Amino acid sequence: MIVLKATQTQFNALDGYKNGDNLLKFAKDGNNNWIVGLQVLDDSAFEPIHDQLNELERIEYVPIPDPDEL
């Protein structure tokens, strides 16, 4: 699955963006990257920041390891 990866600067600028009841929140993946799903690009609530979101790097999602498997 492809996700959008933010640098720390991009994360600082975009995380917590709010438009009405819609809130943009990034999460960490298994490589400690700040990520968000591609669907934000199709969500009209985030249209005002679409250009910034489109600048994020597209990467393959890396799941967080299950602690029982370590």
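The values are calculated or read from the model by the stated rules, or taken from the named source; none is laboratory data. What you are looking at is a predicted structure, and each value in this text was computed from that prediction instead of being measured. Using ideal geometry, Cβ is built from the backbone for each residue, glycine included, and neighbour counts are taken over all protein chains shown. Areas reflect the complete protein model, heavy atoms only, side chains present, ligands, DNA and RNA absent. Shrake-Rupley method; radii C 1.70, N 1.55, O 1.52, S 1.80 Å.
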Problem set entry | aspartates and glutamates with Cα under 12 Å of Lys18, excluding same-chain neighbours fewer than 8 positions away | Glu47
For this session: Using a 1.4 Å probe over the heavy atoms of the protein chains, calculate the carbon and sulfur portion of the accessible area of segment 30-70 as a whole percent.
Result: 46
Exercise. For the chain, what is the accessible area per residue in Å², given a 1.4 Å probe and the full set of protein chains?
Worked result: 67
For this session: At 7 Å along the Cα-to-beta-carbon direction for both Tyr61 and Asn12, put a label point, then send me their distance in nm to one decimal.
Result: 2.8
For this session: Give the Kirkwood hydrodynamic radius (Å, one decimal) of the chain, defined as one over the mean of 1/r across all pairs of different Cα atoms.
Result: 12.7
For this session: Specify which residue in the list Ile64, Leu24, Thr9 is farthest towards the positive end of the charge dipole of the chain, using unit charges on the beta carbon of Lys, Arg (+1) and Asp, Glu (-1), about the Cα centre.
Result: Thr9
Exercise. Using the Karplus equation 6.51 cos²θ - 1.76 cosθ + 1.60 (θ = phi - 60°), what ³J(HN,Hα) coupling, rounded to whole Hz, does each residue of segment 28-42 give in order, writing x for Gly and Pro?
Worked result: 8, 9, x, 9, 6, 8, 7, 10, 8, x, 4, 4, 4, 5, 9
